[in-house]
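Participant: Shown below is the structure under consideration.
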Amino acid sequence: MNTAKKLSWDPVRSGEIYCSSACGGGCTIDSYLQACKDADRLCEELGKTDWVPRVWENLGWHFSASSMSGTTQVHESRCENGVYYTVYAGGKTEHGDTPKEAVEHVRVLLTEIRDEIQKHLDGVPVFSNT
């Protein structure tokens with residue numbers, strides 16, 4: 001007889017607890033609501049029309065901002081030294097003291113990579129179909 005409990009990532013509210021069985025971290029409704037507010041604030045800082053808030057659960061409620069295309073994510077992290085931002089785009093990661101600074105850093109990095117590739121591509125002969 002199989003007695004394994006099927007786990008779900010759908011959070012369930014029970015009093016102050018708002019947590020999924022797959023998480024099991026005892027996440028609270030207050031933490032969820034704060035993550036939603038933080039995600040909205042982060043999108044506002046980046047330019048609300050270009051970013052979508054993302055909130056998820058994994059031993060606590062987490063948040064980020066995702067570009068409309070879904071190709072770029074900005075995460076806010078807090079540590080004893082303060083707040084910093086990490087951007088993930090094109091398989092690359094960059095950091096900044098503000099969300100916009102972190103996005104600019106990854107744009108600079110990806111532009112440098114693109115320009116380097118373009119230099120190599122420009123040196124490759126093109127054959128005509130004649």
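No lab work stands behind these numbers, since they all come straight from the coordinates. Source: prediction; values computed, not measured. Heads up, the Cβs are rebuilt from the backbone with ideal geometry, glycines too, and the neighbour counts pull from every protein chain shown.
Participant: What angle do you read, to the nearest 10 degrees and between 0 and 90, between the alpha-carbon axis of helix 29-46 and the longest principal axis of the chain?
Facilitator: With both axes taken from Cα atoms, the answer is about 20 degrees.
Participant: What are the trypsin sites (Lys or Arg not before Pro) within the stretch 11-51 that DSSP puts in a loop, where the Cβ has at most 11 other Cβ atoms within 10 Å?
Facilitator: none
Participant: Tell me the chymotrypsin sites (Phe, Trp or Tyr not before Pro) within the stretch 9-99 that lie in a loop according to DSSP and have at most 10 other beta-carbon atoms within 10 Å.
Facilitator: Values: sites: W9, Y18, Y32, W51, W56, W61, F63, Y84, Y85, Y88; in loops: W9.
Of the chymotrypsin sites (Phe, Trp or Tyr not before Pro), not one in the loops of the stretch 9-99 has a Cβ with at most 10 other Cβ atoms within 10 Å.
Participant: Something else about it: Quick check on the chain: take the gyration tensor over C-alpha atoms, sort the square-rooted eigenvalues as a ≥ b ≥ c, and tell me if it's rounded (a/c under 1.5), prolate or oblate.
Facilitator: Since a/c reaches 1.5 and a/b is larger than b/c, the shape of the chain is classed as prolate.
Participant: Going by Cβ distance under 4.7 Å, what cysteines of the chain have no possible disulfide partner?
Facilitator: Taking the Cβ cut-off of 4.7 Å, the unpaired cysteines of the chain are C23, C36, C43, C79.
Participant: How would C27, C79 line up from fewest to most surrounding beta-carbon atoms within 10 angstrom?
Facilitator: C79, C27
Participant: Please arrange D40, D97 by how many other C-beta atoms lie within 10 Å of their C-beta, fewest to most.
Facilitator: By the 10 Å Cβ count, ascending, the order reads D97, D40.
Participant: Taking GluC sites (Glu not before Pro) that fall in a DSSP loop and have at most 14 other Cβ atoms within 10 Å as cut points, what is the longest piece of the chain between them?
Facilitator: Segment 17-79 is the longest.
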